[in-house]
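The values are calculated or read from the model by the stated rules, or taken from the named source; none is laboratory data. Quick caveat: nothing in here was measured; it's all calculated off a predicted structure. Note: ideal-geometry Cβ built from the backbone for every residue, glycine included; neighbour counts use all protein chains shown. Keep in mind that these areas ignore ligands, DNA and RNA; they rest on the heavy atoms of the full protein, side chains included. Shrake-Rupley method; radii C 1.70, N 1.55, O 1.52, S 1.80 Å.
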Amino acid sequence: MNNMNQMMKQVKKMQEQMLKAQEELGEKVIEGTSGGGVVTVEVNGHKKVLSITIKPEAVDPDDVEMLQDLVLTAVNDALSKADELANNDMGKFTGGMKIPGLF
């Protein structure tokens, strides 16, 4: 019975550590860029877009599609980096297993 209590304490400690790690992910800022830095997107570790910065030289009224592509590429770059960060940070708890809904 003592082993069971000890195991439950370890599980509870691990859950607390995982919750803390998930909270910390929300505080981390990841940057994605495109066009050599003319478009920059910042997201947090929970994949929430925090900001989009577009330099004036990226704006061409005659080529709106190019700007749209630059923004899309920067967003996808930031989200990909956020996924990588979450996998690295949370992977230490899951042993590399991808657990749906965890992150």
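Does the stretch 28-61 hold any residues that are more than 15 Å from A78 (Cα to Cα) and either open to solvent by less than 60 Å² (accessible area, probe 1.4 Å) or in a helix (DSSP H, G or I) (or both), and which are they?
P56, E57, A58
Report yes if some residue within the stretch 42-53 is at pLDDT 90 or above and more than 16 Å from the chain's Cα centre (by Cα); otherwise report no.
Checked against the condition, which is being at pLDDT 90 or above and more than 16 Å from the chain's Cα centre (by Cα), the stretch 42-53 yields at least one hit.
Only one of these conditions is not met by N3: (1) part of a helix (DSSP H, G or I); (2) closer than 21 Å to G91 by Cα. Which number is it?
(2)
Checking M8 against (1) of a type in the set (A, V, I, L, M); (2) open to solvent by 70 Å² or more (accessible area, probe 1.4 Å); (3) closer than 20 Å to M90 by Cβ: exactly one of these is not met. Which one?
(3)
Does N76 fit the bill of being modelled with pLDDT under 95, open to solvent by 40 Å² or more (accessible area, probe 1.4 Å) and more than 8 Å from the chain's Cα centre (by Cα)?
Numbers: modelled with pLDDT under 95: no; open to solvent by 40 Å² or more (accessible area, probe 1.4 Å): yes; more than 8 Å from the chain's Cα centre (by Cα): yes.
The answer is no for N76.
On the given criteria, is A86 surrounded by 11 or more Cβ atoms within 10 Å (Cβ to Cβ), of a type outside the set (D, E) and free of Cβ contacts under 8 Å to residues at least 60 places away in the same chain? It would help to see each step written out before you state the result.
Numbers: surrounded by 11 or more Cβ atoms within 10 Å (Cβ to Cβ): yes; of a type outside the set (D, E): yes; free of Cβ contacts under 8 Å to residues at least 60 places away in the same chain: no.
Answer is no for this residue.
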